[in-house]
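S.K.: Dropping the structure in here first, questions after.
Every read-out reported here was derived from the displayed coordinates using simple, explicitly stated rules and does not represent laboratory data. The model shown is predicted, which means the values in this text are computed figures rather than measured ones. Here the Cβ is made from the backbone with ideal geometry for all residues, glycine too, and neighbour counts use every protein chain on show.
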């Protein structure tokens, strides 16, 4: 480790979680800010996960800031292609990684913004979710910073 600066980055998905589980995990982890990495953040998938409701609940229940950063989301075409291709995860992951590399997200988003932050998406686990790809990409791109990733599931 030595003198390397460290940041702690969390990820979470809201699917298959009750509001109590979701907000409880964020609060227990001490998350300072939730960064929404969905293209569409007004989805009806979870009543508490629509942008305006989510922003309100985070602030009122846990004193957590909300931000939407679509630069960390896939493109609409990418999502449609993934769904149409019956979910070929490896191909999607390669395409998405190329996209975030071309966007130079490591220069667009600061380590300070992400320290204590939690990347939010809908997938219930990080295994086949772009939030994990974003976290791992930044960990590699910011080689001089020790990025500790915790998946709150």
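S.K.: Is it possible to state the helix-based mean residue ellipticity at 222 nm for the chain, with each DSSP H run of 4+ residues giving -39500 (n - 2.57), the sum divided by total residues, to the nearest 500 deg cm²/dmol? What is it?
M.R.: Result for the chain: -12500 deg cm²/dmol, rounded to the nearest 500.
S.K.: Would you mind telling me which residue in 127, 115, 90 has the biggest mean-square fluctuation in a Gaussian network model of the chain, where springs connect alpha carbons within a distance under 10 angstrom?
M.R.: Greatest mean-square fluctuation among the candidates belongs to 90.
S.K.: So what is the relative contact order of segment 5-151, in percent, for Cα pairs below 8 Å that sit 6 or more residues apart?
M.R.: Working: 217 pairs, mean separation 65.9, N = 147.
Once normalised by length, the contact order is 45 percent.
S.K.: Neighbour counts of other C-beta atoms within 10 Å: give me 142, 89 arranged from fewest to most.
M.R.: Values: 142 17, 89 12.
Fewest to most other Cβ atoms nearby, the residues stand as 89, 142.
S.K.: Which length gain, in nm to one decimal place, applies between residue 71 and residue 95 when the Cα-Cα distance is subtracted from 0.36 nm times their residue separation? Could the numbers behind the result be given before it?
M.R.: On the way: separation 24, 0.36 × 24 = 8.64 nm, distance 1.47 nm.
So the chain would gain 7.2 nm between residue 71 and residue 95.
S.K.: Could you line up 33, 83 from fewest to most neighbouring Cβ atoms inside 10 Å?
M.R.: Working: 33 16, 83 10.
Ordered from fewest to most neighbouring Cβ atoms within 10 Å, 33, 83 come out as 83, 33.
S.K.: Once you order the gyration tensor axes a ≥ b ≥ c over the Cα atoms, which shape class does the chain get: rounded for a/c under 1.5, otherwise prolate or oblate by comparing a/b with b/c? Present the calculation step by step, with values, prior to reporting the outcome.
M.R.: Details: a/c = 1.74, a/b = 1.02, b/c = 1.70.
Taking the square roots of the gyration eigenvalues as a ≥ b ≥ c, the chain is oblate.
S.K.: Going by C-beta contacts inside 10 Å, put 86, 80 in order with the fewest on the left. Present the calculation step by step, with values, prior to reporting the outcome.
M.R.: Numbers: 86 6, 80 11.
Ordered by Cβ neighbours within 10 Å, fewest first: 86, 80.
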